[in-house]
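Novice: Before I ask anything, let me first share the structure, which is written out below as structure tokens.
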Amino acid sequence: MTDPFDHEAPGPRPGGIAARALGARSQPDYLVRLNSEQRLAVETTEGPVLVLAGAGTGKTRVLTTRIGHLLATGKARPSQILAVTFTNKAAREMRHRIGDLIGPAVEGMAWLGTFHSIGVRILRRHAEMVGLKPNFTILDADDQVRLMKQVIQAEGIDEKRWPAKQLAGLIDSWKNRGLSPKDVPPGDGGGFASGKALKLYAAYQDRMKVLNACDFGDLLLENLRLFREHPDVLAEYHQRFQYMLVDEYQDTNVAQYLWLRLLAQGRRNICCVGDDDQSIYGWRGAEVDNILRFEKDFPGAVVIRLERNYRSTSHILGAASHLITHNEGRLGKTLFTDATDPDAAKVQVASSWDSEEEARAVGEEIETLQRRGHALNEMAILVRASFQMRSFEERFIQLGLSYRVIGGPRFYERQEIRDALAYLRIVMQPGDDLAFERIVNTPRRGIGETTVRLLHDHARARQIPILQAAEELTLTSEIGAKARTSLRDLVAAFARWRGKLGVIKHTELAEIILDESGYTEMWQQDRSADAPGRLDNLKELIRSMEEFESLEGFLEHIALVMDRDSADSNDAVSIMTLHSAKGLEFETVFLPGWEEGLFPSQRTLDESGRAGLEEERRLAYVGITRAKQRALIWFASNRRIHGLWQSSVPSRFLDELPDKHVDVVEQTSSYGGYNVGGVGNYGASRFDRADPFANTYSTPGWQRAQKNRAAGTQSTSRGASRLIEGELIAKSTGPSSAYACGERVFHQKFGYGTILEIEGNKLTVDFATGPKKVVDSFVSRG
DNA sequence: AGTCAATCTGTTTTT
DNA sequence: CAGATTGACT
């Protein structure tokens, strides 16, 4: 049997380690480095195994060593092991670490990847069986929504009342649960579009088949269909996958679970590694239940707990462990450590007046640590919601403290990248209507809405791709002369570019396309501040194409691997959300914003009740356990939400931390006027303010004072006036600002401009786009 | 086709 | 409050 995916030639098994491992009676050295539970998890190769790996207990080591062990003992060849992760980053890391263990043989591990990348791989091989062609397109979130918009409109439903985004969410949740249109229980549409959601779902799926496209959910859903409708195909994979390993099992959704279960029916050698206490993706379909139910789903399963923590101090561990015991329905683990540093810091809890002071306090703490020789790379600020990042960024800019924000808008999501990719997609796949619609008038070609509608109708009526419809319509006089000419040029250009496919190098072709289409020029003409950056991004895109053999390979990669590895080597503090911190560790972790409503998030509480609260608590647990040496928690007494000042109550999670491992820091700030209660939680929260004026903070008068403060007006209100001083010192470069009228300045967003007027720290600057009011700390000398 | 004002909407995010 | 999005207008 020839198998294009089998990189490894049949024949003798990989020699090196196998001989070493089996030749001698003594333990192979890779096993000696494990503790007894880890070793058990590695050596229990047959049958279902669930490894409950607490934070910092060597989960990845177990996974990689287990694979090494399977290979070393000759139980499997690299191509016979299915190893699934959630993120590309995790897959990369695993591949790297297995490589360290077994050497170049890791190249043969063709089935190590994310659920989606493996799903695509399988689907492309059997595409015809589910009504697709092997070169089907993978739609991203943006394409999905645009397509749904069209479907909604085609059904004659008011898109305003029933937004496509919402439908996308609904369909996504169905797909997460493994439900294709025929499986959705009637009435499950939640009243969307008066019960038409299901019909829209079916229409959307039909439309995708016509476009020869798949969305992310389909990659798994179609796999399920394939396996169910074609037992012979499933049997082939049963034969192939001798051993299966799954990382972060607590994050699997129902579709992924079903997929695993179908595959595991073969050899039944499935090893899932996860931590129910770190399940934080319930809101996007992950089912903690999958891990809680493992023993029922896989009878005879061996459950192994890894509880020995190698990461954190006993205080950090003690605090996190105690916090998480407040959750019900856990499988239950108790982390412990041998670390006995008598000087280890307790988890620190401190309060601040508002988010600005919080940022100031964190900044001071960071600078102190830095002075003592701690690397910024070993510090992270983990927030619940990304809007919290802003105050830290602002403060760190003022301090000149280097930081990096992890997460945020991704490379592939940028407009210019998506436009460029659309061009490339059409060249690869002329039937990619969504891509065509995206760029048909970008850059402007005088092909407006009317023309596009005409094309659309024609394409629909004749059941042909829009590009072909365009070609046909340029021969008639249905479209205006101007539009017709440019449309004809565009169609001809695509034909020309396609002719070069495989003839010239794909990077060269991409450059030609971007130049000849006028796309590069469009940004060169653009005078806005971010235009140069966009051109750089396009260059970067071309550069990253070099690593691929063909355009096809590159587009596949882009569709599936949407993370950019920001190998930033500078020493900088990381700022990120708690969600994106999972799997990472830092010497020092700052956890700001522990306030009711924010963390736990009110919305989660409203939407998911107790389950939501528990997920928030797990998030808190993840946050604390990221810390190796120090965890510092803050809460602010006042926070501005949607522009309104709200006084806030300390998070209930603070009360759930054990006194033994926590240091509550008394208010050090000169202002604030309240203090944090002593330790001892009888009756009211021990973090309740002892300030008799506390309840005045929510009065209209107080809020007015706060508004004045925000507007820069002096207020006589006690706390506020001091805060203004603080702000002036911190934010303004001086009473009359360090700038002068007529000076040329640069702004991140607006570009270069000339100062027209100065008002304290506020400048009125004449940018290319017109005069704008900006704060002086946001501009630099141009 | 392009600009401006009214209106809405405010978590977490990978693939 | 501020950013994004939409709709009306020119």
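The values are calculated or read from the model by the stated rules, or taken from the named source; none is laboratory data. None of the values given here were measured: they were computed from a predicted structure. Virtual Cβ from ideal backbone geometry, glycine too; neighbours counted across all protein chains shown. Accessible surface is based on the protein model in full, side chains and every heavy atom, while ligands, DNA and RNA are left aside. Shrake-Rupley method; radii C 1.70, N 1.55, O 1.52, S 1.80 Å.
Novice: Identify all residues within segment A:643-666 that are away from DNA strand B (no atom under 15 Å from the Cβ), surrounded by fewer than 16 Cβ atoms within 10 Å (Cβ to Cβ) and assigned to a strand (DSSP E or B); write none if there are none.
Specialist: Within segment A:643-666, just A:663 meets the criteria.
Novice: I need a count of the residues in segment A:156-178 that are more than 14 Å from DNA strand C (Cβ to nearest atom) and without any contact (Cβ under 8 Å) to a residue 24 or more places away in the chain.
Specialist: Number satisfying all stated conditions: 2.
Novice: Still on this model: When the residues of segment A:631-652 are narrowed to those that are within 25 Å of the chain's Cα centre (by Cα) and within 16 Å of DNA strand C (Cβ to nearest atom), which ends up farthest from residue A:336 (Cα to Cα)?
Specialist: That would be A:642.
Novice: Which of (1) closer than 25 Å to residue A:228 by Cβ; (2) at pLDDT below 90; (3) surrounded by fewer than 19 Cβ atoms within 10 Å (Cβ to Cβ) does residue A:197 not meet, given it meets every other one?
Specialist: (3)
Novice: Quick check on this structure: which one of A:590, A:635 is more than 13 Å from DNA strand B (Cβ to nearest atom), in a strand (DSSP E or B), closer than 20 Å to residue A:311 by Cα and not assigned by the TED database to the domain that holds residue A:540?
Specialist: A:590
Novice: State all residues of segment A:264-297 that are open to solvent by less than 30 Å² (accessible area, probe 1.4 Å) and acidic (Asp, Glu); if no residue qualifies, say none.
Specialist: A:275, A:276, A:277
Novice: Which condition breaks for residue A:425 when tested against (1) in contact with a strand residue (DSSP E or B) (Cβ under 9 Å, 6 or more places away or on another chain); (2) of a type in the set (Lys, Arg); (3) surrounded by fewer than 18 Cβ atoms within 10 Å (Cβ to Cβ); (4) within 28 Å of residue A:151 (Cβ to Cβ)?
Specialist: Result: residue A:425 passes all but (3).
Novice: Right, something else. Criterion first (of a type in the set (Val, Ile, Thr) and in contact with a Phe, Trp or Tyr (Cβ under 8 Å, 6 or more places away or on another chain)) does residue A:604 satisfy it?
Specialist: Taking the combined requirement at face value, the residue satisfies it.
Novice: So is residue A:218 under 28 Å from the mean Cα position of the chain (by Cα), away from DNA strand C (no atom under 16 Å from the Cβ) and of a type in the set (Asp, Glu) or not?
Specialist: Yes: the conditions hold for residue A:218.
Novice: Give me the pairs: first residue in segment A:437-455 and more than 9 Å from DNA strand B (Cβ to nearest atom), second residue modelled with pLDDT under 85 and open to solvent by 50 Å² or more (accessible area, probe 1.4 Å), beta-carbon distance under 8 Å, and six or more apart or on different chains, which are they?
Specialist: Correct list of pairs: A:454/A:478.
Novice: Does segment A:598-618 contain at least one residue that is touching a residue at least 40 places away in the same chain (Cβ under 8 Å), surrounded by 23 or more Cβ atoms within 10 Å (Cβ to Cβ), more than 30 Å from residue A:287 (Cβ to Cβ) and more than 10 Å from DNA strand B (Cβ to nearest atom)?
Specialist: For segment A:598-618, residues touching a residue at least 40 places away in the same chain (Cβ under 8 Å), surrounded by 23 or more Cβ atoms within 10 Å (Cβ to Cβ), more than 30 Å from residue A:287 (Cβ to Cβ) and more than 10 Å from DNA strand B (Cβ to nearest atom): absent.
Novice: Let me ask you something else. Conditions: (1) in contact with a His (Cβ under 9 Å, 6 or more places away or on another chain); (2) buried (at least 20 other Cβ atoms within 10 Å of the Cβ). Residue A:129 meets all but one. Number of the miss?
Specialist: Residue A:129 satisfies all of (1) in contact with a His (Cβ under 9 Å, 6 or more places away or on another chain); (2) buried (at least 20 other Cβ atoms within 10 Å of the Cβ) except (2).
Novice: I've got another one for you. Checking residue A:161 against (1) within 16 Å of DNA strand B (Cβ to nearest atom); (2) surrounded by 15 or more Cβ atoms within 10 Å (Cβ to Cβ), which test does it fail?
Specialist: All conditions are met except number (2).
Novice: Looking at the structure I just gave you, is residue A:92 out of contact with any helix residue (DSSP H, G or I) (no Cβ under 6 Å at 6 or more places or on another chain), open to solvent by 10 Å² or more (accessible area, probe 1.4 Å) and on the phi < 0 side of the Ramachandran plot?
Specialist: yes
Novice: Check A:112, A:147 and return the single one that is open to solvent by less than 60 Å² (accessible area, probe 1.4 Å), more than 21 Å from residue A:225 (Cα to Cα) and either touching a Ser or Thr at 6+ places or on another chain (Cβ under 6 Å) or at pLDDT 95 or above (or both).
Specialist: None of the others qualify; the one that does is A:112.
Novice: May I ask you to verify whether residue A:169 is out of contact with any helix residue (DSSP H, G or I) (no Cβ under 9 Å at 6 or more places or on another chain) and within 16 Å of DNA strand B (Cβ to nearest atom)?
Specialist: yes
Novice: To continue, here is another question. Of all the residues that make up segment A:612-630, how many are farther than 26 Å from residue A:646 by Cβ and either within 16 Å of DNA strand C (Cβ to nearest atom) or over 20 Å from the mean Cα position of the chain (by Cα) (or both)?
Specialist: Looking only at that region, the number is 4.
Novice: Can I ask one more? Which of (1) surrounded by fewer than 16 Cβ atoms within 10 Å (Cβ to Cβ); (2) under 30 Å from residue A:291 (Cα atoms); (3) of a type in the set (Lys, Arg) does residue A:333 not meet, given it meets every other one?
Specialist: (1)
Novice: Is segment A:181-188 home to any residue that is surrounded by fewer than 20 Cβ atoms within 10 Å (Cβ to Cβ), within 16 Å of DNA strand B (Cβ to nearest atom) and not in a helix (DSSP H, G or I)?
Specialist: No, segment A:181-188 has no match at all.
Novice: Let me ask something else about it. Just one of the numbered conditions (1) in contact with a Lys or Arg (Cβ under 9 Å, 6 or more places away or on another chain); (2) under 24 Å from residue A:410 (Cα atoms); (3) open to solvent by less than 20 Å² (accessible area, probe 1.4 Å) is not true of residue A:118; which one?
Specialist: (1)
Novice: Among the residues of segment A:191-241, which ones are of a type in the set (S, T, N, Q), assigned to a helix (DSSP H, G or I) and more than 28 Å from residue A:50 (Cβ to Cβ)?
Specialist: Within segment A:191-241, A:194, A:205 qualify.
Novice: Oh, and also: Considering only segment A:391-401, I want to know if a residue exists there that is outside any helix (DSSP H, G or I), surrounded by 15 or more Cβ atoms within 10 Å (Cβ to Cβ) and in contact (Cβ under 8 Å) with a residue 40 or more places away in the chain.
Specialist: Looking through segment A:391-401, at least one residue is outside any helix (DSSP H, G or I), surrounded by 15 or more Cβ atoms within 10 Å (Cβ to Cβ) and in contact (Cβ under 8 Å) with a residue 40 or more places away in the chain.
Novice: I would also like to ask the following. May I ask you to list the residues in segment A:569-597 that are open to solvent by 20 Å² or more (accessible area, probe 1.4 Å) and either within 21 Å of residue A:55 (Cα to Cα) or within 16 Å of DNA strand C (Cβ to nearest atom) (or both)?
Specialist: Passing the criteria: A:577, A:579, A:580, A:582, A:583, A:584, A:585, A:587.
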